[in-house]
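The values are calculated or read from the model by the stated rules, or taken from the named source; none is laboratory data. Worth saying up front: this structure is predicted, and the values here are computed from it rather than measured. Every residue, glycine among them, receives a Cβ derived from its backbone with ideal geometry; neighbour counts consider all protein chains shown. Heads up: the accessible areas ignore ligands, DNA and RNA and are worked out on the full protein's heavy atoms, side chains in. Shrake-Rupley method; radii C 1.70, N 1.55, O 1.52, S 1.80 Å.
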Amino acid sequence: MQEKAITSQIDEYKTELSTELRLILDYWARNTVDKTYGGFLGRIDSEERVVQDAPKGSVLNARILWTFSAAYNHDANPVYLEMASRAYHYISKHIIDHEFGGVYWAVDYVGNPLDTKKQVYAIAFTIYALSEYYSASGVEAARKKAVELFCLLVDKAYDPIKTGYFEAFTREWSPMDDLRLSAKDENEQKTMNTHLHVLEGYSNLYRIWPDGTLKEQIRLLLYNFFDHFIDPQSHHLRLFFDENWNGKSGLVSFGHDIEATWLLLEAAEVIGDEAMIEKIKKVSMRIAEATIKGLDTDGGLWYEYEPASDHLIKEKHWWVQAEAMIGFYNAWQISGNEKYLAISIKNWAFVKDKILDKVNGEWVWGISENGEVMPGEDKAGIWKCPYHNSRACLEIIKRIN
């Protein structure tokens with residue numbers, strides 16, 4: 001591809017993503033504010049119907065806080081800071097557990113504690129979001145709470161013997177039987193998904209609080225990926241482990257694979273570890289190449305693959321596409337190989353064709369194997385948040401700039 005043609009493609013990519021970012025943010029600011037009970041609505045269904053009595057998840061609220069904070073840091077639109085502050089005050093009042101520390105998994109629609117378990121994943125996202133909000137607002141209490149949550153995780157959830165983080169606890173930080181984030185997950189003590197987002201949260205915290213203990217925890221998390229999560233043969237990520245790091249699943253998640261490629265590199269860059277940066281670049285390229293096996297001819301990235309049964313789940317979820325856009329763009333930046341740039345742009349073309357809701361705005365949950373919009377899934381909810389797609393826009397715009 002000629003240099004002029006590449007430049008033209010990239011400029012068009014940036015222009016389209018800048019427009020899409022505004023549309024995503026406008027959708028959430030216009031449709032999801034809960035004017036009756038405060039904060040944001042817990043659920044909007046696939047038919048754009050508000051489910052007024054839906055629970056309000058801590059992950060949804062943290063991701064809203066991060067999204068509007070990051071948007072304000074990119075474009076100082078006062079509406080974005082207003083939305084971020086709304087999320088911050090709601091989290092501070094209703095979702096943070098002021099008695100036992102951490103955050104509730106969910107509160108009810110009026111803001112009372114509903115599911116009080118301490119899911120490390122949710123606390124990691126709250127750290128991530130509070131750190132971004134501090135950067136946007138300068139509110140010192142947000143940084144203080146992010147640091148407090150980090151110290152709490154190290155104290156309560158970190159495994160000082162085997163390293164890594166345990167998955168979940170009761171409200172009072174006692175062991176519990178059901179550790180799963182969702183019904184589809186394996187019920188195991190240590191998971192790749194939680195560790196990836198603990199790393200993400202810690203990296204963002206380090207930007208505003210470059211503490212030595214935090215730096216060491218980031219480095220230990222990166223070694224967890226080298227030592228346990230990244231399969232040295234297949235170059236896919238291993239997802240579930242027991243407390244002693246014995247692998248418990250062979251399932252491949254293409255979205256998590258490609259998401260990890262750039263989040264691992266970002267963490268090493270944040271702490272300024274040059275040797276780690278070079279190591280991760282090589283590993284990331286191997287993971288990216290392995291992820292290509294999950295691409296369909298239309299540019300979309302499939303959901304999961306089970307090697308034991310040779311079963312490919314050919315759904316194409318919104319968040320998987322968002323991570324593919326960033327991850328393959330990152331692979332192009334690392335390698336200079338134009339095929340990865342082409343994959344990123346083709347994936348965006350798939351998103352425009354199949355995932356964007358051109359009538360109502362935002363992105364649909366996903367496309368089924370038969371090419372239809374997956375029925376009955378949320379437009380906004382516990383898991384359907386503005387984070388993956390807005391982050392894809394923000395991240396690629398930043399990289400182009």
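Descriptive notes on the structure:
- In the stretch 226-240, of all residues being under 15 Å from LYS282 (Cα atoms) and part of a loop (DSSP other than H, G, I, E, B), the one that is nearest to the chain's Cα centre (by Cα) corresponds to HIS236.
- Pick from the stretch 297-337, criterion of a type in the set (Asp, Glu) and not in a loop (DSSP other than H, G, I, E, B), ranking: surrounded by the fewest Cβ atoms within 10 Å (Cβ to Cβ): GLU306
- Residues located in the stretch 241-275, provided they are touching a Phe, Trp or Tyr at 6+ places or on another chain (Cβ under 9 Å), open to solvent by less than 10 Å² (accessible area, probe 1.4 Å) and either assigned to a helix (DSSP H, G or I) or of a type in the set (Gly, Ala, Ser) (or both): SER253, PHE254, GLY255, ILE258, GLU259, ALA260, THR261, TRP262, LEU264, ALA267
- When residues of the stretch 5-28 are limited to those that are aliphatic (A, V, I, L, M) and open to solvent by 30 Å² or more (accessible area, probe 1.4 Å), the one nearest to VAL107 (Cα to Cα): LEU23
- The lone exception for TYR72 - which of (1) closer than 18 Å to ALA168 by Cα; (2) among the aromatic types (Phe, Trp, Tyr); (3) over 18 Å from the mean Cα position of the chain (by Cα) it fails: (1)
- For the stretch 110-123, the count of residues that are in a helix (DSSP H, G or I), within 17 Å of ALA29 (Cα to Cα) and open to solvent by less than 10 Å² (accessible area, probe 1.4 Å) is zero.
- From the list ALA267, ALA275, the lone residue that is under 22 Å from ARG63 (Cα atoms) and modelled with pLDDT of 95 or more is ALA267.
- The C-beta contact set for the stretch 381-400 (first residue under 15 Å from VAL351 (Cα atoms) and open to solvent by 10 Å² or more (accessible area, probe 1.4 Å), second residue not in a loop (DSSP other than H, G, I, E, B) and not acidic (Asp, Glu), distance under 6 angstrom, 6+ apart or interchain) comprises HIS388/TRP319; HIS388/ALA322.
- Applying the criterion of at least 2 residues that are within 30 Å of ALA157 (Cβ to Cβ) to the helices (runs of 4 or more DSSP H) found wholly in the stretch 1-104 leaves 58-74, 78-90.
- Residue match in the stretch 347-367 (condition: open to solvent by less than 20 Å² (accessible area, probe 1.4 Å), in a helix (DSSP H, G or I), touching a helix residue (DSSP H, G or I) at 6+ places or on another chain (Cβ under 6 Å) and aromatic (Phe, Trp, Tyr)): yes
- Within the set ASN204, ASN224, the sole residue that is open to solvent by less than 40 Å² (accessible area, probe 1.4 Å), polar (S, T, N, Q), farther than 27 Å from ALA141 by Cα and in contact with a helix residue (DSSP H, G or I) (Cβ under 8 Å, 6 or more places away or on another chain) turns out to be ASN224.
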